[in-house]
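The values are calculated or read from the model by the stated rules, or taken from the named source; none is laboratory data. Since the structure is predicted, the reported quantities are computational estimates derived from the model, not experimental observations. No Cβ is skipped: glycine too gets one built from the backbone with ideal geometry, and neighbour counts run over all protein chains shown. SASA here: full protein model, heavy atoms, side chains in, ligands and nucleic acids out. Shrake-Rupley method; radii C 1.70, N 1.55, O 1.52, S 1.80 Å.
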Amino acid sequence: MPDKVSEKTAERTAALDAILTRSPVIPVLVVEDAAHAVPLARALVAGGLSVLEITLRSNAALEAIKRIAAEVPDAVVGAGTVLNPAQFAAAQLAGARFVISPGATDALYFTAKDTGLPYLPAVATASEIMRAMEQGFTRAKFFPAESSGGVAALKSLSGPFPEMKFCPTGGITEANLRSYTVLPNVFAAGGSWLAPKDLLQKADWAGITALAKKAVSIAKGS
Ligand code: 3PG
């Protein structure tokens with residue numbers, strides 16, 4: 001009979017998978033102007049990317065999450081760059097459906113378990129993976145992916161950690177995307193290339209939809 005801890009881990013993993021496997025690529029978004037949030041989200045959804053990470057790196061981030069949650073029902077919006085429990089709580093209040101951090105702390109693991117909001121911690125080493133598993137998390141962002149060993153590191157980590165699945169982020173581009181998404185221990189890849197500053201400034205939503213479509217086709221190898 002499974003013990004309580006592994007039941008909880010399975011529940012948590014299923015909740016996260018239900019969200020994060022909807023798209024093969026998760027755009028990492030820095031929204032400086034809240035007025036961009038809804039058209040940006042619609043443009044990405046139109047291109048086939050419905051899971052959106054709004055990073056808490058701008059003053060407009062929480063308002064952007066609020067607007068997308070209210071006005072773009074086809075998007076699943078989450079908060080990224082969440083560094084502490086206060087930001088976790090603010091993201092949840094704004095309507096974030098999941099939370100991602102660039103690393104992980106005991107306080108964040110505790111808050112995630114306490115609130116039940118799907119949480120994707122980040123890892124870059126074997127010890128950090130062991131810590132995530134100890135906390136009952138078998139899904140993690142692999143960050144910063146390229147500078148932490150990239151595809152070769154993920155292949156090596158699949159040996160000792162067959163139950164772990166990753167979302168590599170950091171240094172992913174159209175050129176190397178497919179080399180990550182073919183890996184069996186990768187459920188999606190993340191990156192900021194889908195919403196470049198110049199396209200945002202020009203409000204070139206069609207351009208962003210085109211980038212999203214291209215990313216989906218590269219990620220799936222189609
Ligand atoms: C992140 O927060 O996930 C990274 O800043 C994204 O990395 P990238 O800009 O190299 O895609």
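List of remarks:
- Other residues within the sphere of radius under 9 Å centred on the Cβ of residue 190, judged by their own Cβ, net out at 0 (K and R +1, D and E -1).
- Once both labels are positioned 7 Å from their Cα atoms along Cα-to-Cβ, the gap between residue 115 and residue 15 label points is 1.1 nm.
- The chain - Rg (one decimal) and Dmax (whole number), Cα, Å: 16.5, 57
- Summed side-chain charge close to residue 120 - residues other than residue 120 whose Cβ falls under 12 Å, Lys, Arg +1, Asp, Glu -1: +3
- Expressed as a whole percent, the proportion of Cα-Cα pairs in the range 67-142 lying more than 22 Å apart is 22%.
- All C-alpha pair distances within the range 1-121, sorted into 5 Å bins from zero, spread as 2, 12, 22, 23, 19, 11, 6, 2, 1, 0, 0 percent across the bins.
- Pairs over the 19 Å Cα-Cα cut-off, from the set 8/165; 8/113; 141/213; 155/214; 155/213: 141/213; 155/214; 155/213.
- Per residue, the chain exposes 44 Å² of solvent-accessible protein surface, assessed with a 1.4 angstrom probe and all protein chains in place.
- Inter-probe distance in nm under a simple model that places probes 7 Å from Cα toward Cβ, at residue 86 and residue 193: 3.6
- The Cβ shell under 11 Å around residue 41 holds other residues with a net charge of 0, Lys and Arg each +1, Asp and Glu each -1.
- Rel. contact order, % - alpha carbon contacts under 8 angstrom, at least six apart, the chain: 22
- Listed by number, the DSSP H helices of the chain that run 18 Å or longer by alpha-carbon position along their axis and have mean Kyte hydropathy of at least 0.0 are 205-220.
- By accessible area, using a 1.4 Å probe on protein heavy atoms only, the range 4-213 has 57% of its surface on carbon and sulfur.
- When nucleic acids and ligands are ignored and a 1.4 Å probe is applied, residue 42 ends up with an accessible area of around 130 Å².
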